[in-house]
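Below is one structure, written out as structure tokens, with a few remarks after it.
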Amino acid sequence: MVRVDICVCTFRRSFLAETLRSIALLDRGEYEIRVIVADNDAMPTARELVREAARDMPFPLQYVHAPGANISIARNACLDAADGDFIAFVDDDEVVGREWIRALVEQAQATGAAAVLGPVRAVYGQNAPGWMVEGDFHSTLPVFVNGTIRTGYTCNVLVRWSPPFRDVRFDPALGRSGGEDTDFFNRLVALGGVIAFAPDARVEEPVPADRATMAWLVRRRLRFGQTHGMLLGGSRAATAVLAASKVGYCCAMTGLTAFSPVKRRRNWLRAVLHVGVLGGLIGVRQRAHYGEASSP
């Protein structure tokens, strides 16, 4: 029987109850499933919520207190507690579909991949701007480069938990600014791992009002770019020239598509992404954004 440990990292988020309810409804099939929740708050604020969820959970549910307001610490605590054949990560503000685990595992078994990504579909509220809903700026899909996925994300992923991948950990130095997941999957690939995609392993993520703004999207793209620039190898001078040319091109396209609310914003966000790459290349420090949630 295939053993799967589902890992959820949390920090002062009550939506965790919805995430765990959706996991409880999974079609477990022939899999042996265990759920691990790592609480990253200084105090064990999620312990009671997890205890309540365990009453209706058809799988073993383990609570781990991993304080530090650093997402890498929480994720590494999950990895240290895991002993399955595969581990899966999903965020504490998402809900999973009934076939989620089955789709991930079947793709991993069919391809032999070290990691399998699934899609995250954004669910917008009634007050979200029309251009945002039409352009679907918050959903998450893997990026293919010449038909290959070079890096991944942790909001919907399955990882083969066997050597040599079992020794990979998330970098605590990136656990507050971001980029720890990119770094993790880069090292997974460097060890010879292949990343696959399971389009049927669907997860949904409601978009709260404070994220349904252009300003939030700009900050997010800037951070993505900084992470990418920071982790790039090769000639930094040549990469910086290329990034600068992309900024210019995207700015020009922003002007040329000014008539389109969606295309104009999409091109501008691409320009911001490449500005972030330039910042990462020259060592601009990323602002810490994780662990800033208000007290419960």
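Where a number appears in this text, it was derived from the coordinates with a stated rule and is not lab data. The structure displayed is predicted, hence computed values, not measured ones. Neighbour counts are summed over all protein chains in view; Cβ atoms, including those assigned to glycine, are modelled from backbone coordinates with ideal geometry.
Annotations for the structure displayed:
- Given their separation in residues at 0.36 nm each and the Cα-Cα distance between them, ARG150 and VAL194 gain 15.0 nm when the chain is fully extended.
- Potential extension, GLU204-SER139 segment - 0.36 nm per residue separation minus Cα distance: 22.5 nm
- Exposed loop sites are taken as GluC sites (Glu not before Pro) in a DSSP loop (any state but H, G, I, E or B) with at most 11 other beta carbon atoms within 10 Å; the longest stretch of the chain without one runs 31-291.
- One equal scatterer on each Cα of segment 214-282, no solvent, Debye formula: the resulting log10 I(q)/I(0) at q = 0.17, 0.20 Å⁻¹ is -0.56, -0.73.
- Per residue, the average separation of C-alpha pairs within less than 8 Å and at least 6 apart gives the chain a relative contact order of 19 percent.
- At an R0 of 22 angstrom, the distance between the Cβ atoms of ASP167 and LEU231 translates into a FRET efficiency of 0.70.
- Spatial offset of segment 252-275 relative to segment 144-193 amounts to 29 Å, using the alpha carbon center of each.
- Here segment 111-182 is assigned +1 on the Cβ of each Lys and Arg and -1 on the Cβ of each Asp and Glu. Its dipole about the Cα centre then comes out at about 220 debye.
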